[in-house]
1. How do 83-93, 104-114 rank on mean C-beta neighbours within 10 Å, highest first?
2. Hey, what's the Kirkwood Rh for the chain if you take every pair of different alpha carbons, in angstrom?
3. Ordered by packing density, taken as the mean number of other Cβ atoms within 10 Å over each peptide's residues, highest first, how do 54-61, 28-35 rank?
4. Could you state the number of Å between the C-alpha centres of region 8-25 and region 70-121?
5. Calculate, in nm to one decimal, what A40 and S121 gain on full extension: separation in residues at 0.36 nm each, minus their alpha carbon distance.
6. Roughly what % antiparallel, to the nearest 5, for the DSSP beta bridges in the chain?
7. Using a 7 Å offset from the Cα along the Cα-to-Cβ direction at both S102 and S58, what is the distance between the two label points in nm, to one decimal?
8. Can you give the local net charge around F62? Use residues other than it whose beta-carbon is closer than 13 angstrom to its beta-carbon, Lys and Arg +1, Asp and Glu -1.
Amino acid sequence: QVQLVESGGGLVQPGGSLRLSCAASGSILSINAMGWYCQAPGKQRELVASITSGGRTSYAEFVKGRFTISRDNAKNTVYLQMNSLKSEDTAVYYCNVDGYGSSWFDRNNYWGQGTQVTVSS
């Protein structure tokens with residue numbers, strides 16, 4: 001069983017910064033891609049950023065130049081540095097991991113519980 005624990009959300013003023021973290025623990029054989037999604041009230045969940053095991057990154061257009069995704073493979077942790085935050089960034093942010101659990105036959109897509117990010121003055 002793989003568990004994802006997120007942290008770092010909160011309330012911040014427009015123009016401010018936050019750093020989200022997501023640590024994977026449990027029976028983990030290997031992790032492929034890691035990513036962050038966001039879901040605002042009344043909207044569908046959408047991809048914010050992702051990073052491969054080799055470090056290749058991709059970003060949604062609405063965060064390019066403001067957010068940076070990174071990972072620490074030794075700690076099975078993915079980060080999202082969020083700068084120049086806007087009110088429209090307000091959402092619940094979810095961590096997502098594509099990986100193998102207890103065996104090479106146990107590949108799954110895992111989700112964190114979500115962390116609230118609120119951008120408001």
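1. Numbers: 83-93: 16.8, 104-114: 13.7.
Highest mean packing first, the order is 83-93, 104-114.
2. Working: mean 1/r = 0.0692 Å⁻¹.
So the Kirkwood estimate lands at 14.5 Å.
3. Working: 54-61: 11.6, 28-35: 17.9.
The peptides rank, most packed first, as 28-35, 54-61.
4. That distance is 10 Å.
5. Details: separation 81, 0.36 × 81 = 29.16 nm, distance 1.79 nm.
Residue separation times 0.36 nm, minus the Cα-Cα distance, leaves 27.4 nm.
6. Numbers: 42 of 45 bridges.
Counting only bridges with both partners in the chain, antiparallel ones make up about 95 percent.
7. For S102 paired with S58, the spin-label model returns 3.2 nm.
8. Details: positive: K43, K64, R66, K86; negative: E46, E61, E88, D89.
In short, 0.
The values are calculated or read from the model by the stated rules, or taken from the named source; none is laboratory data. Remember, predicted model here, so these are calculated numbers, not experimental data. Quick reminder, even Gly has a Cβ in these numbers, built from the backbone with ideal geometry, and neighbours come from all protein chains shown. The protein model used for the area step is the full one, side chains on, heavy atoms only, and it has no ligands, DNA or RNA in it. Shrake-Rupley method; radii C 1.70, N 1.55, O 1.52, S 1.80 Å.
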